[in-house]
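The values are calculated or read from the model by the stated rules, or taken from the named source; none is laboratory data. None of the values given here were measured: they were computed from a predicted structure. Here the Cβ is made from the backbone with ideal geometry for all residues, glycine too, and neighbour counts use every protein chain on show. Surface accessibility is based on the protein's heavy atoms, side chains included, excluding ligands, DNA and RNA. Shrake-Rupley method; radii C 1.70, N 1.55, O 1.52, S 1.80 Å.
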Amino acid sequence: MDVEDDPEHLIVLVHGILASPSDWTYAQAELKTRLGRNFVMYASSCNTFTKTFTGIDGAGKRLANEVMLVVKRREHTLKKISFLAHSLGGLIARYALALLFSDDLVAASATTNIKQKGLIAGLEPINFITLATPHLGVRGKKQLPFLFGVPILEKLAAPIASFVVGQTGRQLFLTDGKPNKPPLLLRMASDSDDGNFISALSAFKCRVLYANVSYDHMVGWRTSSIRRETELCKPPRRSLDGYKHVVDMEYCPAVPSEGPHFPPEAAKAKEAAQNAPSMQNTLEYHEIMEEEMIRGLQQVSWKKVDVSFHSAFWPFLAHNNIHVKNEWFHNAGAGVITHVADHIKQQEKQQERPLFITASL
């Protein structure tokens, strides 16, 4: 069999809410061209359109099953796995990772000679990349498409979210489950009874967050880049050379912590957000939860890439520009996909680089 038919590295593409594999048509073709024959791209199809309303956990289970089927079909050739996810797809992928994770040792790499702990679907995990994913949930203000930015609707965002986007809406607003139980997204910021979410993330060689700094009316800069409000500063206006609309990069090392907690005041705030939803109640609850989620997710290192479409012809399409949902309407994001491809190539070269050991005479 020809080598071209035997790629070693699987890249799983995961779309967002109310979407389908066709969202990746441009990115899939571009990645295939730029990365070459050692990679195979697979656009997930198990959570299309309204299936994304059934909950992040349910969608994550379907994705995990789908990935295992894909790997099984190529089990004799695949060695590595990466994920590239857009919007809600990033949360679905994070849930799936915990189900696909095993703490087996990976063979020592040529670069470090250190054995890496943790496999995903039986493969060596390399890159986990998200584009405009609400890792800290959403607060409602200009962050759900069906609200159209109308203030009166945004005040009602939390209570009406479940009617429009089902269990997924409750999970994004952190109001799922009983008041005394931590919401799903908080549980996903640690190794919990639901799964080893942080261990699964830490198994990857690299984790990358692409975030829109403005004009994204579905997912804000703070939640997609896992930053506190005080950590947001005015972004550069000039693009990085060769990557139009990519304006900044930052490497954030892991911050050791005990992980997230769900203190009594959080349970009280959650109950208020559920039973008497208001902008004030929701804000207080989200501020408590966001700090705890950040503490949990900062236990692993992240590369953060800021994207700004302020100079694009249609900047308000930022949420779909970032992954080039449609080549004709959202091609402003082509530079972002190029940046993703070059990052993956760089990681691959680092994997292939031989280790030189000098012996003292």
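Quick look at the numbers
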{"read-out": "Whichever residue in the range 96-114 is open to solvent by less than 40 Å² (accessible area, probe 1.4 Å) and either aliphatic (A, V, I, L, M) or under 17 Å from L131 (Cβ atoms) (or both) and, among such residues, is modelled with the lowest pLDDT", "value": "V106"}
{"read-out": "Residue within the range 297-308 that is at pLDDT 95 or above and among the hydroxyl-bearing types (S, T, Y) present", "value": "yes"}
{"read-out": "Count of residues meeting criterion [over 16 Å from P260 (Cβ atoms), in contact with a strand residue (DSSP E or B) (Cβ under 7 Å, 6 or more places away or on another chain) and of a type in the set (S, T, N, Q)] in the range 187-227", "value": "3"}
{"read-out": "Residues within the range 224-248 that are assigned to a helix (DSSP H, G or I) and in contact with a Ser or Thr (Cβ under 8 Å, 6 or more places away or on another chain), tallied", "value": "1"}
{"read-out": "Lone unmet requirement of (1) at pLDDT below 50; (2) over 30 Å from I344 (Cα atoms); (3) outside any helix (DSSP H, G or I); (4) not charged (D, E, K, R) for G140", "value": "(1)"}
{"read-out": "Count - residues of the range 43-95 that are polar (S, T, N, Q), under 27 Å from Q351 (Cα atoms) and either open to solvent by 40 Å² or more (accessible area, probe 1.4 Å) or assigned to a strand (DSSP E or B) (or both)", "value": "1"}
{"read-out": "Meets criteria (more than 22 Å from L84 (Cα to Cα), among the aliphatic types (A, V, I, L, M) and open to solvent by 20 Å² or more (accessible area, probe 1.4 Å)) for L240", "value": "no"}
{"read-out": "Residue pairs meeting the criteria (Cβ under 8 Å; at least 6 apart or on separate chains; first touching a residue at least 24 places away in the same chain (Cβ under 8 Å) and among the acidic types (D, E), in the range 287-298; second open to solvent by 40 Å² or more (accessible area, probe 1.4 Å) and in a helix (DSSP H, G or I))", "value": "none"}
